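These notes are about the structure you will find just below.
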Amino acid sequence: MWILGIALITSCLAAIAAGAIVIKWYRKNEWLEQPDKNTVLAKYKKTHAGSVPRGGGIVVGAAILVASAVFLGLDKQMLMILAGMLLLMIVGWADDVYNVHPLVRLGANILVAVGVVWSGVAVKFVTNPLGEGVMEIWQWGSWWQILSQVGVVVFMVWNMNIVNWAKGVDGQMPGFVMIACFFIGLLSLRFLGDESQTVWNTTMLSAIVAGAFGGFLYWNFYPQKMMPGYGGGSLGGYFLSVLAVLSGAKVATMLMVLAIPTADAAFTIIRRIRAGKSPFWGDRGHLHHKLLDHLKWSKRTIAFFYWGVALLMGLLSLVLDTTGKIVTLIIAVSLTFIFLIGVKIKSVGKNSSKMIQ
């Protein structure tokens with residue numbers, strides 16, 4: 001067990017060291033997020049002031065790569081997972097420098113998800129919602145296997161995007177990703193008696209990813225010295241998805257821990273489509289924007305709120321059965337929707353009053 005702690009600390013220290021290097025590199029080349037020099041849309045949706053380097057994907061990826069080389073058994077499956085990470089790092093760097101089109105980023109998401117599934121990462125068992133035990137999907141025939149694989153691809157692409165969207169304020173995203181990794185690692189400990197290398201890799205990778213995002217949090221916490229960028233956000237969702245599947249299809253657990261980002265993303269997509277806008281282009285309508293603008297919460301308070309909800313949902317996931325997890329998830333999503341709808345109605349009312357005046 002002690003080796004897991006050493007791996008976490010190694011990854012954390014590697015991320016802190018990489019952060020110092022990347023910040024200096026980005027500033028030297030003036031690859032900075034500058035709201036006052038960006039487009040009107042970019043200025044509108046940003047929550048920070050001044051020039052801040054992104055590059056979080058490089059920091060997190062470098063730390064995971066270093067720790068994985070030391071502590072993981074690099075089989076075909078793990079090599080494909082790390083290859084997907086490298087692609088997201090490259091796309092993240094390109095987005096930091098050139099602002100890559102959202103559809104290109106989406107294409108990268110799909111490509112890495114398909115690659116991971118091709119390597120053998122798939123949901124083969126699900127918890128029986130009507131009783132005890134598990135049901136083996138792959139005994140039901142090839143069509144169910146294909147459906148399972150497609151489902152994992154969709155699950156991964158969805159999480160890569162929702163986690164990326166939930167990084168609007170200092171420290172928000174790396175904190176809840178670190179908490180989520182902790183609970184996945186905790187759940188995977190139940191299978192450590194298994195001789196499978198995949199089981200050990202899952203537990204170890206959970207510790208490594210948690211440490212990498214913990215080290216990045218050192219640079220991203222308020223007042224941030226570095227932003228996650230697309231690379232950091234997408235890697236958060238990428239590894240959480242992979243770990244959820246590898247740890248025994250803990251999809252319900254993962255959705256619980258990511259309840260707030262999930263609800264915010266679903267509401268955002270619906271809102272943008274209803275307004276006749278593309279769901280892929282950013283705006284200032286996310287939950288963290290509403291908490292910042294309407295409730296006047298500080299950036300630290302918003303980050304702590306996201307962490308607190310992730311921690312609470314993670315603890316509940318340890319004691320609830322599948323039905324309880326689904327009910328809890330529905331309640332959390334509903335409350336988030338009610339708040340966002342309420343803020344939307346209030347905003348429309350204020351705008352109408354101003355027009356009348």
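The values are calculated or read from the model by the stated rules, or taken from the named source; none is laboratory data. Nothing here was measured: the structure is a model prediction, and the numbers come from that model. Note that each Cβ is placed from the backbone with ideal geometry, even for glycine, and that neighbours are counted across all protein chains shown. To get the accessible areas, we keep the full protein, side chains included, count just its heavy atoms, and leave off ligands, DNA and RNA. Shrake-Rupley method; radii C 1.70, N 1.55, O 1.52, S 1.80 Å.
A compact table of results
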read-out: Test: residue in the range 300-311 that is assigned to a loop (DSSP other than H, G, I, E, B) and either under 22 Å from Gly55 (Cα atoms) or not hydrophobic (A, V, I, L, M, F, W, C) (or both); value: no
read-out: Counted residues, the range 81-96 - those being within 12 Å of Ala62 (Cα to Cα) and open to solvent by 20 Å² or more (accessible area, probe 1.4 Å); value: 3
read-out: Filter result (surrounded by 22 or more Cβ atoms within 10 Å (Cβ to Cβ) and farther than 25 Å from Leu32 by Cα) within the range 97-116; value: Val112, Ala113, Val116
read-out: Residues that are hydroxyl-bearing (Ser, Thr, Tyr) and either surrounded by fewer than 17 Cβ atoms within 10 Å (Cβ to Cβ) or within 8 Å of Ala212 (Cα to Cα) (or both), drawn from the range 1-17; value: Ser11
read-out: Number of positions in the range 329-356 that are at pLDDT below 60 and under 17 Å from Tyr306 (Cβ atoms); value: 0
read-out: Residue satisfying all of: in the range 20-68; modelled with pLDDT of 75 or more and among the charged types (D, E, K, R); least open to solvent (accessible area, probe 1.4 Å) among these; value: Glu33
read-out: First in the range 3-16 and farther than 15 Å from Asn220 by Cα and modelled with pLDDT under 95, second anywhere and part of a helix (DSSP H, G or I) and open to solvent by less than 20 Å² (accessible area, probe 1.4 Å), Cβ under 7 Å, 6 or more apart; value: Leu4/Thr203; Leu4/Met204; Leu4/Ala207
read-out: Failed item in (1) surrounded by 17 or more Cβ atoms within 10 Å (Cβ to Cβ); (2) modelled with pLDDT of 95 or more; (3) under 27 Å from Leu8 (Cβ atoms), with Leu72 passing the rest; value: (2)
read-out: Residue match in the range 301-309 (condition: open to solvent by 10 Å² or more (accessible area, probe 1.4 Å), closer than 22 Å to Asp170 by Cβ, touching a residue at least 40 places away in the same chain (Cβ under 8 Å) and of a type in the set (Val, Ile, Thr)); value: yes
read-out: Count - residues of the range 195-206 that are small (Gly, Ala, Ser) and buried (at least 24 other Cβ atoms within 10 Å of the Cβ); value: 1
read-out: Qualifying residue in the range 226-236 (condition: under 28 Å from Val97 (Cβ atoms) and in contact with a strand residue (DSSP E or B) (Cβ under 6 Å, 6 or more places away or on another chain)); value: yes
